[in-house]
1. Please return the longest range in the chain lying between exposed loop sites, taking GluC sites (Glu not before Pro), DSSP loop only, at most 10 other beta-carbon atoms within 10 Å, and leaving the sites out.
2. Run the accessible area of region 393-433 with a 1.4 Å probe and give the carbon-and-sulfur part as a rounded percent.
3. Taking 8 Å as the Cα distance limit and 6 or more residues as the minimum spacing, I'd like the relative contact order of region 233-346 as a percentage.
4. Determine by what factor the alpha-carbon radius of gyration of region 500-621 differs from 2.2 N^0.38 Å, reporting the quotient.
5. Can you tell me how much longer the chain between GLU328 and GLU675 gets when fully stretched, taken as 0.36 nm per residue apart minus their C-alpha distance, in nm with one decimal?
6. For labels at MET342 and LEU44 in the simple 7 Å Cα→Cβ model, what's the distance in nm?
7. Run the helix sum for the chain: -39,500 (n - 2.57) per DSSP H stretch of 4+ residues, divided by residue count, reported at 222 nm to the nearest 500 deg cm²/dmol.
8. Hey, what do the phi angles of region 610-615 turn into as Karplus ³J(HN,Hα) couplings, whole Hz, using 6.51/-1.76/1.60 and θ = phi - 60°, x for Gly and Pro?
Amino acid sequence: MCGIVSICYGGVNPQLGREASDLLRRLEYRGYDSTGGAFITRDLPVRLLKKVGAPSKVCVELGLEHQAGERFIGQVRWATYGAVSDVNSQPHHVRCRFPELGFVGAHNGNLSNTDTVNPALTAGGHTVVSENDGEMITHLTEDAYAENVAQPGAALDRCRSALAAAGLSLDLPAASLLLIDAARRANARATGSYAAAFADPTGRGVVAVKSGSSLYAGVGRDGYGEFVVVSSDLTSVLSKTRMLIPLSEGEGLYFTENTWLVFTLGERLTFSVPKLKRSKLNVRDTGLHAPYHYYMEQEIAQSPANVDEILRYYFAAPETEGLFAAFEDRRDLCKALVGRIMTLYEAADEPALLQAFDRLRTDPLHTELAERVRAHGAVITAGRGNPLSDERQLLADLGRLAPDALDTLSLWDALIVWKKQRRVTQYLAELVTAVRHAQTAGGRVFLVASGTSYHAALVAAYFFNRLAGVAVLPVNPGAFRSMYMNALSPRDLLIGITQSGETKDLVDILQDVRQRVPGLRRISLVNNENSRIPQELSEFYLPILCGPEIAVAATKSFVNQVAILYLIAASFSHTPRAIVARLTQAKALIAQTLAETEAAVETAAKRLYLEPSLHILGTGHIGIAREGALKIREVVLNHAEGYDAAEFKHGPNTILGKNTLFSIHDLAGVLELYEKRRAAGDIGPGEAGLDTLRRFPELVETRFSNYPLLFVCPSDERDVRITVSQIHTHKIRGADILVVCEPNADLALAAAGRPLGDEKYWHHLITVPASGDPDLFVFAATIVLQRLALRMSVLKMEYLDALHVADHGVHPDAPKNVSKSITVD
């Protein structure tokens, strides 16, 4: 994953560099291998600044903040094609067909036919200077554009005919139409998934394309005039404007500061000028707020509140029963009114929004519904003055503009919640039925997911086994393709789990399954409800409901995934009221765990953050163990592995006792002993190397230490017995023991006993609040492991910063080499 951004003003903006730098920094979580930007002013030389490094560093080092210009195209890179180097960084400024001012392009995603396109471009006279696939799509577009400029007739005819067919009479320069056509032709030659932006320095505007990767666009005005901005990331667009240009997959966008034209990338060219829509989100929804210092910290703390969202939409609530009954009586009227409310997003500015609102609250649809609610005697209490629905930002804006409209806005808020709750509960019941049908028909239930979502699927298998008596098969996309793809049946059921809804590996699986076995049902569990997987590749979907997640390491989305998978499994054996009670208990348990384990987690983090490796051993909880290990690998950059507790003795235990894993702290100890020997005259000036180590074996011998094992053990009696046995088995072979568990005397005693002769032995318990339910223990253990990874990351980052270690990549929000949503193969 990388990220692109482009913004266009009508004239020279002297502060364009400051705007561009802010937009690039908002993309840092998407890529930090390199950063670059091209500042473009018509008929003037392009100012291209790019180098290896994250936006937070490069923007300052290269002086991007001090640049001026009319247009900007920028990119942050997470390297796939080509090494991390300045020449492979983007944007690319190529001059093969336009030697005077050249041609500019940048992309996010990948071109899987790069290895064949590269020699073809070279044979065609292009000078390819990097290994980067972004340069390939830029050359392809430059090549097609140059052909169009040389022989414009056919391209102009195609574009003008499509404009006429759409009934559009836009007076666009011929060069702009030629560039649109060139982007389409280049896309036809490219294989892969990407989004890109291109500009001709001698022309006007920018062309952007959305071909398999995310792209958002918005329109606004600031102190420097009108502008249009596009980005791979919605939050960066929202930092400039809330008015969005709707863009779908397989579309492109030509834009200037106040003109936008959407075109199709497929074989048939069509044009449209879609109405602007007001974003449901505000940039504050994606901001970092006090007292938190990191997004990961904030998002862990948001987990209890996110459970409320699940309870709101997956279950009927007694306090809204009368009100929702009134809605059900006239659901046709209610659905029509919600549709009218959605049209408010088309208001171009706040005065227009207020006018549209005033018209709608006198609309017969609204007045009739308000009267029916009063006739039912229904009282609106939830969310009054503090909207709860998905349209909460719109309703909050209206409340600010029309403070006398509280009753109307509260009614609308409840209505919108009702409509979504109605859909979610219907689909939940349909999913449970689909699982039952697959089971009785002799089919299999696959839970297909990547990364953290795959670990949630492993936890789901635990829940389904315990609560539903149903065997489900958790599998990642690669394993699914190699193990099951050719053995599928229409009797099977595939449930895809994804936070982003754009994960390339899962997209490919869903597409292939749809083509190979059309009768096999495909359902998804997803956070981004407007993404490709729920909208295009699933029969229906269930929402995760955790809101935007900014930190690269998934935390709150994992908790919500686990909660929803729990309620699905529990639906086989528990009443809705019982499930609500348990999820309410889970919410309280999470909050209590956050409040009561902080000191114990901090002690563990200080002991472990410099350990080069550790194992997390889950007794019956392999999904939690693997997810905890992934969090440590992601944000601490220490090796960590999740294993089944009883399985660890079958080979992996060889790492216990003496091993060759040494940390920076161990190295410091060696240097300290070396200096003492040298000061005593035992080691001569300049003497070093293996001979010295052989002469003074304590330089190495004193550095060996016990290997840390972190056990995750629920309260089940059998699990406790297994864990106690494993603790005794491994600590006598050179393991330090950390246990995450509910209060349990047997586990505490097993961990506390020091092996004979092992003076270095260390043990620690992180005791979570007792739940009395092994299923609910999952939530407490998850929060502990997430917070442990967070604190280890912060401690190690501060340690390495103090040593002035450059580019160490340790950061709780944006660690090196990983990205939020992998949208490349």
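1. With GluC sites (Glu not before Pro) excluded where exposed in loops, the chain gives 268-758 as its longest stretch.
2. Accessible surface attributable to carbon and sulfur in region 393-433 totals 53 percent.
3. Dividing the mean separation by the residue count of region 233-346 yields 23 percent.
4. 1.37
5. Here the segment from GLU328 to GLU675 would lengthen by 116.8 nm.
6. 4.5 nm
7. Calculated from helices alone, the mean residue ellipticity at 222 nm is -14000 deg cm²/dmol.
8. Listing the rounded values in order: 9, 5, x, 7, 7, 10 Hz.
The values are calculated or read from the model by the stated rules, or taken from the named source; none is laboratory data. All figures in this text were calculated on a predicted structure; none of them were measured in a lab. In this analysis, Cβ positions are derived from the backbone assuming ideal geometry, glycine residues included, and neighbour counts consider all displayed protein chains. Areas reflect the complete protein model, heavy atoms only, side chains present, ligands, DNA and RNA absent. Shrake-Rupley method; radii C 1.70, N 1.55, O 1.52, S 1.80 Å.
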